[in-house]
Amino acid sequence: MSMNQEHLESLETAKNQTSQQEEEKKMKKTNAIRLWLLVLNCSFLAIGQVGGPLLLRLYYLHGGQRKWLTSWLQTAAFPILLLPISISYALAPAGGRTQSIFPVTRNLFLASAFIGCLFSLDSYLYAFGLSYLPVSTSTLLMATQTAFIAAFALLIVKQKFTFYSVNSVMLMTLGAVVLGVHASSDRPANVSNGKYFVGFFMTLVAAAVLGLILPLIEVTYSKVCKAITFHLVMQMQFLVSMFATLFCTIAMLINKDFQVISREAREYGLGATKYYMVLIWGAIAMQLMVIGNMGVIFCSSSLFGGIFIALLVPVQQVFAVIFFHEKFNAEKGLALAMCLWGFASYFYGEYKKTLKVATVTTPEQPNAV
């Protein structure tokens, strides 16, 4: 009887070890997929964050004047999300397709509608500011969203801050402030002081609104969704962009923007063909930015998304200098150093936290016989 009991205990131990190994393999696979998705979404965010504002500013520089049109462009390419949604559905297990075809709940639908309306407001504020500001000034002001994200993440998501994340936020915010000290020296020649400062204020408000939106998306993931999957996140992105586009479309109809597009194309400084190309590629780039933003929040956090966007500010500065011949002075060089330092600080803190978690969760190894 004793031998049978020992045999059963050994079988149970072997079973537990096998189950633990399978769980570890599953966790490693999940982490690898999440890391791959994070890199992919960071790439989308980088392309959209750098290319989108440049294309929108190009629209204004050569005769474009419709602010609701450029607001509409920031989400109008949302139908391209049907491609990854369809691929995700096709790759889902056959038994789970019925449940996964449209897993959005009523609360998630309402939350997406609310966030979409907020996003359309943010798009208009940003488009208004960009119509009067150089890309370099606009992007440095939008970098202050990191501070707004940190504040709203603390209030809404109850984000836990470490010395490294606080240091990162402070450095990137200070970098934006340093750039902003001499921002007025970049005022375009055809823009009055009054319009310049209105654009300055509107862009700053846009940064604050976006700083609210990203934590709201994060808390929606945690509170409304029962099981957060990539398929569900893509559908939420689709809904948010759809509602934002619908809101902007109504505003364009009221403002009679659609009737003006053909005339504006004929009078565009670069020609009608390039006019439409700027609109199309601008819409695609801005949609990639939205996809990347929400995907980064899904894979990481809204704070990381804000810090990554702030890191892209110096890249935008470089492209603005190359394509629009905007100034790159000592203040922008200092801000670049601060952004890189802040980004490194955040990642070092995350690395230390990962090591600490790994040390605590690693099971003790049995003594060698």
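Okay, here's what the table says:
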read-out	value
Restricting segment 102-151 to residues that are under 13 Å from LEU239 (Cα atoms) and open to solvent by less than 10 Å² (accessible area, probe 1.4 Å), the residue that is farthest from the chain's Cα centre (by Cα)	LEU108
Selection count where residues are at pLDDT below 75 and either touching a Pro at 6+ places or on another chain (Cβ under 9 Å) or open to solvent by 60 Å² or more (accessible area, probe 1.4 Å) (or both), scope segment 165-184	6
Helices (runs of 4 or more DSSP H) (entirely within segment 90-164) containing at least 2 residues that are farther than 20 Å from TYR59 by Cα, among the acidic types (Asp, Glu) and modelled with pLDDT of 80 or more	none
Test: residue in segment 268-282 that is assigned to a helix (DSSP H, G or I) and closer than 19 Å to ALA46 by Cβ	yes
Every residue from segment 20-67 that is of a type in the set (Asp, Glu) and exposed (fewer than 11 other Cβ atoms within 10 Å of the Cβ)	GLU22, GLU23
Exclusive hit being more than 24 Å from GLY129 (Cβ to Cβ) and either more than 23 Å from the chain's Cα centre (by Cα) or surrounded by fewer than 16 Cβ atoms within 10 Å (Cβ to Cβ) (or both), set ARG187, ARG263	ARG263
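The values are calculated or read from the model by the stated rules, or taken from the named source; none is laboratory data. A quick note: this is a predicted structure, and the numbers were derived from the prediction, not measured. Glycine gets a Cβ as well: all are built from the backbone with ideal geometry, and neighbour counts include every protein chain shown. Remember, those area values only see protein heavy atoms, side chains included, never the ligands or the DNA or RNA. Shrake-Rupley method; radii C 1.70, N 1.55, O 1.52, S 1.80 Å.
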